[in-house]
Amino acid sequence: TQRKVVNDIYKSRIEQILTIIDKMISSKGLSRIIQNVVLTGGSALVPGIDNLASHILKKSVRIGVPECMISSDLELSKNLQNTIYSTSIGTLKYLQKMSEKTTIDNFESSGGGKINKLLLFFKKVFTS
């Protein structure tokens, strides 16, 4: 069926990507240092990807889920605890941490930069 063809192509690409990652880890001499792998994002929802990654990378693999209690709305926070939001939640947490270390005045006087502008935007959104 058409679905099987798409699944086979998708699985082949995932195997190819994981093999490239394994070679990169080896070529950088990180095979002994990296013991565990955490998969995040939408592709982490592919059934069996953790087992496939563990087989190819020869590492312990788990699916990561963001820890987020960023809202007083419990239902919203519960919905955001999904691996597809890992990058977004991680970026927001990083920006929040950075904003705690640096005052808004420092960013305004630094002359900008993309990260600074992004941080200012989030600071305004979440403190208004």
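The values are calculated or read from the model by the stated rules, or taken from the named source; none is laboratory data. Treat the numbers as computed from the prediction; the structure is a model and nothing was measured. Glycine gets a Cβ as well: all are built from the backbone with ideal geometry, and neighbour counts include every protein chain shown. Side chains included, ligands, DNA and RNA excluded: accessible areas come from the protein's heavy atoms. Shrake-Rupley method; radii C 1.70, N 1.55, O 1.52, S 1.80 Å.
Structure notes:
- Given Lys59/Lys117; Lys4/Lys59; Lys58/Lys117; Lys4/Lys93, the pairs whose alpha carbons are separated by over 30 Å: Lys59/Lys117; Lys58/Lys117; Lys4/Lys93
- Residue by residue, the stretch 38-53 carries 3J(HN,Hα) couplings of 10, 9, 9, x, x, 5, 5, 7, 5, x, x, 5, 5, 5, 5, 5 Hz when phi is fed to the Karplus relation 6.51 cos²θ - 1.76 cosθ + 1.60 (θ = phi - 60°); x denotes Gly or Pro.
- Peptides 46-59, 13-26, ordered by how many other C-beta atoms sit within 10 Å of their residues on average, highest first, read 46-59, 13-26.
- The accessible area of Thr91, taken with all protein chains in place and a 1.4 Å probe, comes to roughly 60 Å².
- Estimated vicinal HN-Hα couplings, Hz - the stretch 9-26 in sequence order (Karplus 6.51, -1.76, 1.60; Gly, Pro = x): 5, 4, 4, 4, 5, 4, 4, 4, 4, 5, 5, 4, 4, 4, 5, 5, 4, 5
- Each residue of the stretch 57-62 is assigned a 3J(HN,Hα), and the resulting list reads 7, 6, 9, 6, 10, 9 Hz, derived from the Karplus form 6.51 cos²θ - 1.76 cosθ + 1.60 (θ = phi - 60°), x at Gly and Pro.
- If you take all other residues with their beta carbon under 15 Å from the beta carbon of Arg32, and give Lys and Arg +1 and Asp and Glu -1, the sum is +2.
- The label point for Ile9 and the one for Val38, both projected 7 Å from the Cα toward the Cβ, are 3.3 nm apart.
- Per residue convex hull volume, Cα atoms of the stretch 1-70, in Å³: 104
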